[in-house]
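Shown next, in structure tokens, is the structure this report addresses.
The values are calculated or read from the model by the stated rules, or taken from the named source; none is laboratory data. Predicted model, so just to flag it, every value in this text is computed and none were measured. Please note: Cβ atoms are built from the backbone with ideal geometry, for glycine as well, and neighbour counts cover all protein chains shown. With ligands, DNA and RNA removed, areas are computed over all heavy atoms of the protein, side chains included. Shrake-Rupley method; radii C 1.70, N 1.55, O 1.52, S 1.80 Å.
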Amino acid sequence: MAKLSLRNVQKTYAGNVKVVHGIDMEIADGEFIVIVGPSGCGKSTLLRMVAGLETITGGDIHIGDRIVNQLEPAERDIAMVFQNYALYPHMTVYDNMAYGLKIRGMARAEIEQRVRHAAGILELAPLLERRPRQLSGGQRQRVAMGRAIVREPSVFLFDEPLSNLDAKLRVQMRLELKELHRRLGTTSLYVTHDQVEAMTLADRMMVLNGGRVEQIGTPLEVYTRPASTFVAGFIGSPPMNLVPVVRNGEAGGADGAQMRVVGKEGNASGATLGHLPMGLHLPAEALLGLRPEHIEPCAVHEAIAEVDVRVVEALGADSFAYGSLGGQPIVVRLDSHARVRAGDKLPVTSSADHLHFFDSQSGKRIEA
């Protein structure tokens, strides 16, 4: 095992097309880091640079005490699990897991011990004599992980390893990955576009957008205090509501503040947010962020706003009311027993702890 350091890591194609813009991160020995972001944000490129499959244009990558910029993948002491299982179809499970060790010239007894040990961890022992075509998708992915485990690397690299699995199997494999990391404690870098994987697997997560870091933090930190509107809109399902507002009069003091919603035409609408329950000094204009679960139905006299409900989506344990606030779209999570219908006017409130403000131009978080 080893720590992993990314220091101003950059990648440019064709001389002037920059796809990774100076990534800095220190990853502790044994830490599980998830890189998450939309397609094309540079997350797989960053992982491939760590693996040595892509050259870096600038900066340094340290694995342990070594700078590995110029080292071949085989010299970096890493093991990688891809989205595609890449198993040899003519080989048994045992031979697929053992192949990399054999070509390194490892003794047969050591290979046997490592393969049997990894098979035990991944519950593959009864399947060692089968070939890939005789396995389910989840079993094939476990074989691919076993092939990485037997290497006993300093760092595991995962490139969207669950994206080819169906929804039910992905849930199961997430749990298995979490348990696997708990047992092995190997430093891991995991790439995904799936925010659920990021939230459930990560010790810390890096949110990438256009090759730049938007935020690094624990899943709870990223969820509860998003650093930008991009993070607020990307992490969470449904995502955070972002409502443009302007302040009425002076900045809020101990008695709270009053703000008006900016309608789609760019003018302050008739929708006024009542005195917000906070003693904050608010900006003259901003984007107000509210997660759907933090908008609470209430009595009319307690409301800070009123939502015009357009559609109610029942999902069993929860329901989601989709509507508008001063012409701006908004989603409210409701208890499944809430008696809210399309066409209703829903009075709502929220606590000060759950109100977020972002700069209207830069999208960066405002610490009001």
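Residue-wise test of (1) modelled with pLDDT of 95 or more; (2) open to solvent by 50 Å² or more (accessible area, probe 1.4 Å); (3) among the polar types (S, T, N, Q).
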| site | (1), (2), (3) |
| --- | --- |
| 214 | yes, no, no |
| 218 | yes, no, yes |
| 229 | yes, no, yes |
| 243 | no, no, no |
| 246 | no, no, no |
| 250 | no, yes, no |
| 253 | no, no, no |
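Among (1) open to solvent by less than 40 Å² (accessible area, probe 1.4 Å); (2) within 24 Å of residue 364 (Cα to Cα); (3) of a type outside the set (A, V, I, L, M, F, W, C); (4) at pLDDT 70 or above, there is one condition residue 258 misses while meeting the rest; what is its number?
The failed condition is (1).
If residue 162 satisfies all but one of (1) touching a residue at least 12 places away in the same chain (Cβ under 8 Å); (2) surrounded by 15 or more Cβ atoms within 10 Å (Cβ to Cβ); (3) part of a helix (DSSP H, G or I), what's the number of the condition it fails?
(3)
Since residue 180 meets every condition but one in (1) in a helix (DSSP H, G or I); (2) of a type outside the set (S, T, N, Q); (3) at pLDDT 90 or above, which condition does it not meet?
Only one criterion in (1) in a helix (DSSP H, G or I); (2) of a type outside the set (S, T, N, Q); (3) at pLDDT 90 or above is unmet by residue 180, namely (3).
Return only the number of the condition from (1) closer than 30 Å to residue 122 by Cα; (2) of a type in the set (S, T, N, Q); (3) at pLDDT below 95 that residue 5 does not satisfy.
Going through (1) closer than 30 Å to residue 122 by Cα; (2) of a type in the set (S, T, N, Q); (3) at pLDDT below 95 one by one, residue 5 breaks only (3).
Residues are listed down the side, and each one gets a yes or a no for (1) assigned to a strand (DSSP E or B); (2) of a type outside the set (D, E, K, R); (3) surrounded by 17 or more Cβ atoms within 10 Å (Cβ to Cβ):
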site: 323; (1), (2), (3): yes, yes, yes
site: 339; (1), (2), (3): no, no, no
site: 342; (1), (2), (3): no, yes, no
site: 346; (1), (2), (3): yes, yes, yes
